[in-house]
1. With a cut-off of at least 1 residues that are of a type in the set (Val, Ile, Thr) and either within 16 Å of the ligand (Cβ to nearest atom) or modelled with pLDDT of 85 or more (or both), name the helices (runs of 4 or more DSSP H) lying wholly within the range 6-123.
2. I'd like to verify a number: residues in the range 389-406 that are buried (at least 16 other Cβ atoms within 10 Å of the Cβ) and among the β-branched types (Val, Ile, Thr), how many?
3. Out of (1) surrounded by 22 or more Cβ atoms within 10 Å (Cβ to Cβ); (2) within 30 Å of ARG278 (Cα to Cα); (3) charged (D, E, K, R), the odd one out for LYS142 is which?
4. For the range 93-128, which positions are over 10 Å from the mean Cα position of the chain (by Cα) and under 17 Å from PHE295 (Cβ atoms)?
5. Go over the candidates ALA212, ALA218 one by one and state the one that is open to solvent by 40 Å² or more (accessible area, probe 1.4 Å) and of a type in the set (A, V, I, L, M, F, W, C).
6. Does the range 451-461 contain any residue that is within 30 Å of ARG310 (Cα to Cα), at pLDDT 95 or above and either of a type in the set (D, E, K, R) or out of contact with any helix residue (DSSP H, G or I) (no Cβ under 9 Å at 6 or more places or on another chain) (or both)?
7. Out of the residues in the range 145-172 meeting the condition of being surrounded by fewer than 16 Cβ atoms within 10 Å (Cβ to Cβ) and closer than 16 Å to ASP21 by Cα, tell me which one is nearest to the ligand (Cβ to nearest atom).
Amino acid sequence: MSDVTEQAERRRTFAIISHPDAGKTTLTEKFLLYGGALSREAGAVKARQDRRSATSDWMALEQQRGISITSTVLQFPYRDSVVNLLDTPGHRDFSEDTYRVLTAADGAVMVLDAAKGIEPQTLKLFEVCRDRGLPLLTFVNKWDRPGKDGLELLDEITDKIGLVPTPVTWPVGIAGDFRGVVDRRTGEYTRYTRVARGSTIAPEEIIDPDRAAAEEGAAWVQASEELELFDLSDQTLDVSSFRAGTTTPLFVGSAVTNFGVGKLLDAVIDLIPPPAPRPEIDDRLRPLDAPFSGFVFKVQANMDPSHRDRIAFFRVCSGRFERGMVVTHDRTGKPFATKYAHQVFGQDRETVEEAFPGDIVGLVNAGDVRVGDTLFVGDAVRFPRIPTFAPEHFAVARVKDTGRYKQFRKGIAQLDEEGVVQVLRDADSGDQAPVLAAVGPMQFEVVSYRLESEFGAAIELTPTSYRAARRTDEESSPALRGMRGVDVLRRSDGTLLALFESTYWLDRVVAENPELRLDKLVAEGDLHL
Ligand code: G4P
């Protein structure tokens, strides 16, 4: 095995996804505690929370809206592995930037609040993970507080997401009366111990079944019956169906008191697959030990208001990346020096000296680099572009103070490049009044806020009556433009999009005009090329 393959084998690159408040930040902190990286990094998580009151632009929006819009990565060693934990923006609505982050992950931990289960706004994100076959571990959090019935939560996962949950640990005692968990792999019972705010690793008190039965009484009987049910229904951990994205191993715990965190982190190492060779655009697999290649999944400007710079995050797909290496940028064909390569977490930056498949690197001031681009050394490599989603919300943007028009244009161009929204234009109103298209309405708020705070260009957003979009072409456009309730606009990548006032109307136009080109903008099909 080469050094690169060996290093890749040690990597676990994953994200935590959840509805805001389910416990993602708490769990991240606890992973760091278990990874022994607490002293430096957990400070960073905490600092991030403290900064909610600081003056940074990003954090101010976070504070106002209770959302997190930065995207970062955290690396720490655990056992013999190197863990890369991607931080996804915690929007309430589905948003494309969360999805893009997930294209750089080999798996995810879905955190559910035991009292809330699967919440409607987060459903789409979970569905998208399932559709992509991304391996998902499930952590049912906050079992120390009153919540739903355990079996009811399992049914929700099956009914709403279509994944079969396979409980690995199962609670004794209902939510709010947490006695401990049984690990179905060993049959061991670990009693729940409450540590004050969980500042240390939870002590594990393992108790033999006879004693547990005597001490836990009815709670033990109920858990035993439930466990039998899982055995009978074959709901048991299965690595291959987990990796294929059809079953989700489930763990129960309480992140705030550290209970169940160790077993979950072990599962990240034992179950989430290490980086695999990535398919290139022609479906050839790029071997892990081929020369360096990576793909850009996130570009973010102005993350740090004191620098006002632009960071392009890429995931290493093959080879060894060394800082200072000159790589080729596939879209421009130009060489690119990587002198300023960092690992970024919150506002802390650390220079990266080398990185291996699965690792994430942030390039500072990577001028032309955009989301979906490939970087490589040696023979040309191109990975598929990151799919875009069919937008469902459309609004016209106009600058309030026409004296700030230049800044408005510049800001729109920047946010378009970052992929914060899609920008559409028609021949008449063009740059004066572009139509912004989004998958989730939260994207509009981010645009308004950033245009005003970073570019000094406050905008007025007028919602349109359009609700659905399809890709069309020059030939079909005149007929479509002539129809009631339809418009055709050009997206900044050149694609012509036909907009419809309802999906009902769209279906009718499609049915009655088979000669018109109206392609679906499905996630897989629209490769933004
Ligand atoms: P998020 O990143 O997903 O938005 O959630 P976060 O970790 O910030 O947790 C949201 C709230 O839930 C926090 O309370 C946190 O302490 C609490 N919490 C997380 N895990 C558990 C758990 O296992 N049990 C219980 N009972 N609570 C949990 P907060 O009041 O908003 O903040 P704080 O004052 O506690 O920091």
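1. Result: 24-34, 43-50, 96-102.
2. 2
3. (2)
4. Selection gives ASP106 alone.
5. It is ALA218.
6. Checked the range 451-461: at least one residue is within 30 Å of ARG310 (Cα to Cα), at pLDDT 95 or above and either of a type in the set (D, E, K, R) or out of contact with any helix residue (DSSP H, G or I) (no Cβ under 9 Å at 6 or more places or on another chain) (or both).
7. Among them, the one singled out is ARG145.
The rows are residues; the columns are (1) among the aromatic types (Phe, Trp, Tyr); (2) in contact with a strand residue (DSSP E or B) (Cβ under 7 Å, 6 or more places away or on another chain); (3) part of a loop (DSSP other than H, G, I, E, B).
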position	(1), (2), (3)
ASP131	no, no, no
VAL140	no, yes, no
ARG145	no, no, yes
LEU154	no, yes, no
ASP159	no, no, no
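The values are calculated or read from the model by the stated rules, or taken from the named source; none is laboratory data. These numbers were taken from a predicted model, which means no experiment stands behind them. When we count neighbours, we look across all protein chains shown, and the Cβ atoms used for this are built from the backbone with ideal geometry, even at glycine. All accessible areas refer to the heavy atoms of the entire protein, side chains included, with ligands and DNA or RNA removed. Shrake-Rupley method; radii C 1.70, N 1.55, O 1.52, S 1.80 Å.
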